[in-house]
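Report on one structure; see the data block that follows.
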Amino acid sequence: MKVQREKLVVLSLFLCVAFLQGCMVHSVEYDHTASIECLGDPMKPLYNGGIIQNGGFNSGLMGWSTHRNIKAGVRSSPSGNKFAVVHGAGGTLSSSGNVLPSHSVYQRVRMQRDTHYSLSAWLQVPAGSAHVKAVVKGPNGERIIAGSVVAQSGCWSMLKGGMTAYSSGHGEIFFESDAPVDIWVDSVSLQPFSFDEWDAHARRSANATRRSTIRLVAKGAQDDKPMANATVIIELLRAGFPFGNTMTKEILNLPAYEKWFTSRFTVATFENEMKWYSTEWNQNQEDYRIPDAMLKLANKYGIRVRGHNVFWDDQNSQIRWVRPMNTDQLKAAMQKRLKSVVSRYAGKVIHWDVVNENLHFNFFEGKFGPTASAQIYSQVGQIDHSAILFMNEFNTLEQPGDPNPVPSKYVAKMTQIRSYPGNGGLKLGVGLESHFSTPNFPYMRSALDTLAKLKLPMWLTEVDVVKGPNQVKFLEQVLREGYGHPSVNGMIMWAAWHANGCYVMCLTDNNFKNLPVGNVVDKLIAEWKTHNKAATTDENGIVELNLPHGEFNFTVTHPSVKGATIHTMTVDAASSASEHTITVRV
């Protein structure tokens, strides 16, 4: 029996699904205009504005109104582009004397229940910069933050987001800022998609992004002629898309936990065991026995591990002996920690969460200045040359109303880290924690589109959904949305098992029998591995196979020869580029 190994190149196809709605054909698509940060003139509205009337303001303020007694008008740029402006919108007082948010012009729209709405607009302010939110008042009166961006003076910034309507009726869309500033608006679009349209696109995009059709040719070793009617048995050895879960130290003493975990997942994050407070609870008393043992177990099953984390920027997560240190003491302790943990696991972990959650928190920046994080990344990269260094953050996908981690600020922080002297060659990655309550899928997709501009590996690193009547449905939709987005490179759930209860989501009971969310996970794992187990070559010795990306064994037999030939190769992002020949040996 002969084994041949071949690394394949794959042509990745991008699929936009066209749907007919009314008299207009439009696509649910991953929008790469979100990668354009700031322009002199905005681009045309996406989807020709969707249901927005006069989104480019070429007909003055037709279709638009103003809140309160704010004055508004239309202005033209030197190139002739028209846009809406307001005057004196900032600093208005309410009847109780409180300062009201600054508002743009607004438009009323008719919304349909059970419909996702993709929103985009280009924004500018006349001076400085301001955090500007897109606000949609739903048919039921609910105020929904649909996205936000840091708008600047002198150029146009794109805000991309969205929301979901669960009832029908009139809604209202406008932009606001807590800063006393006039908001300029152009190229507004609000495009509806039914749930079926949205979900179908995610599935079809997943098929285009995560699968490839390959062409195998079986030929005889003696005469090099194609072998018709050869039988090909297809065995998936390892899935190509990394999908995992959080692991806890309990796995070291529970064979049932070990079996359950290792039979499903190809990647893992240790929940707490590699963190500073776990390895050095008492100063100068380091103890790595538990993470060492967990890493050994993961290696036994070929499970790759993310390093979580080097530091955590949260003041409240610092060890009690760290908090009172002066800057010199803290610097020395940090240097010791960094060299210790990164050197110990360099080459053994695939990622590092370097300064965890440093858009929300700034413990180290508060001590050492605004470049502290960038310097830490530099030092980690000098020790571990193989791991990807992630900026791990929450609410970038989950909560458009949280002003700290919005995609534009994430991009700015990553750009600052990457532009620090000496950091240009670092392997950086985008880590999105993904802790959801009620997911806003149009916003989630738009945020992923915006972050894709960084052209860095992007993972959903801590996926969970809070308990509730829709937990199972929402978890499946979140995982499908991540799996279907072409810029997402892997996903790990934050569903670590504990005997006394999980963080917010348990996949199993204490006997390691799946709960409903665990069944969803198993369903998706099986679905994403689905492929034909056997096929027969045609008269030209050819068989075409549509396969999920991963490593495969192809076992070829033919009545004219004894034994079998095993051909091992990786189907990845370029497999359809050429024919792949299997030479069948006697």
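The values are calculated or read from the model by the stated rules, or taken from the named source; none is laboratory data. The structure displayed is predicted, hence computed values, not measured ones. As a convention, Cβ positions derive from the backbone with ideal geometry for all residues, glycine included, and neighbour counts pool all protein chains shown. Heavy atoms of the whole protein, side chains included, go into the accessibility calculation; ligands, DNA and RNA do not. Shrake-Rupley method; radii C 1.70, N 1.55, O 1.52, S 1.80 Å.
Largest first, the residues Lys44, Lys348, Lys529 sort by 1.4 Å accessible area into Lys44, Lys348, Lys529. Largest accessible area first, the listed residues Met274, Met158 line up as Met158, Met274 when surface is computed with a 1.4 Å probe on the assembled protein chains.
Name the aspartates and glutamates eligible as straight-distance cross-link partners of Lys133: C-alpha to C-alpha under 19 Å, and not fewer than 8 places from it in the same chain. Within reach: Glu37, Glu142, Glu172, Glu176, Asp178, Asp182, Asp186, Glu398, Asp402, Asp449.
Estimated purely from DSSP H runs of n ≥ 4, each contributing -39500 (n - 2.57), the mean residue ellipticity at 222 nm for the chain is -7000 deg cm²/dmol once divided by its residues. Each peptide among 418-425, 134-141 gets the average number of other Cβ atoms lying within 10 Å of its residues, and from highest to lowest they stand as 134-141, 418-425. Annotation: per residue accessible area for region 308-460 equals 35 Å², rounded to a whole number [probe 1.4 Å, protein chains only].
The aspartates and glutamates within cross-link reach of Lys296, meaning a Cα-to-Cα straight distance under 18 Å and a gap of 8 or more places when in the same chain, are Glu250, Glu258, Glu271, Glu273, Asp287.
For Cys155, the accessible area of its heavy atoms, probed at 1.4 Å with every protein chain present, is near 20 square angstrom. Judged by the ratio a/c of the largest to the smallest principal axis of the C-alpha gyration tensor, region 199-290 counts as prolate, that ratio being 1.5 or greater while a/b is larger than b/c.
The alpha-carbon of Lys219 sits under 16 angstrom from the alpha-carbons of these lysines, leaving out residues fewer than 8 places away in its chain: Lys2, Lys562. Summing Cβ point charges (Lys, Arg +1; Asp, Glu -1) relative to the Cα centre of the chain gives a dipole of roughly 580 debye. What does the C-alpha gyration tensor say about the overall shape of region 261-396? Classify as rounded when a/c is under 1.5, otherwise prolate if a/b is larger than b/c, or oblate. In terms of gyration-tensor shape, prolate. Accessible-area rank, largest first, for Thr396, Thr583: Thr583, Thr396, with all protein chains present and a 1.4 angstrom probe. Among residues other than Phe174 with Cβ under 13 Å from its Cβ, the summed charge is +3 (Lys and Arg +1, Asp and Glu -1).
Fully extending the segment from Glu579 to Thr327 would add 84.6 nm, taking 0.36 nm per residue of separation and subtracting the current Cα-Cα distance. Principal axis extents of the Cα atoms in region 92-191, from largest to smallest and rounded to whole angstrom, are 39, 35, 16. Computing Rg and the Kirkwood Rh from the Cα coordinates of region 391-510 gives a ratio, Rg/Rh, of 1.01.
Using a cut-off of 32 Å between Cα atoms, the listed pairs Lys409/Lys513; Lys455/Lys529; Lys455/Lys533 include Lys409/Lys513; Lys455/Lys533 as exceeding that distance.
Summary of packing: across the peptides 330-342, 198-210, the per-residue average of other C-beta atoms within 10 Å ranks them, highest first, as 198-210, 330-342. Each of Ser189, Pro400, Asn140 was placed along the dipole of the chain (beta-carbon charges, centred on the mean Cα), and the one lying farthest toward the positive end is Pro400.
Cα centroid separation, region 142-182 to region 233-264: 42 Å.
Rounded, prolate or oblate: which one fits region 304-362, using the alpha carbon gyration tensor with axes a ≥ b ≥ c (rounded when a/c is under 1.5, else prolate when a/b beats b/c, else oblate)? Oblate is the answer for region 304-362, as a/c is 1.5 or above yet b/c matches or exceeds a/b.
Ignoring ligands, DNA and RNA, what percent of the accessible area of the chain is carbon or sulfur (1.4 Å)? With neighbouring chains kept in place, the figure for the chain is 50 percent. Among the listed pairs Lys44/Lys427; Lys348/Lys523; Lys259/Lys427; Lys473/Lys523; Lys275/Lys336; Lys160/Lys453, which have their C-alpha atoms separated by more than 24 angstrom in this model? Lys44/Lys427; Lys348/Lys523; Lys259/Lys427, as the Cα separations exceed 24 Å there. Plainly put, the chain has a radius of gyration that is 1.02 times its Kirkwood radius, both from alpha-carbon atoms, as the Rg/Rh ratio.
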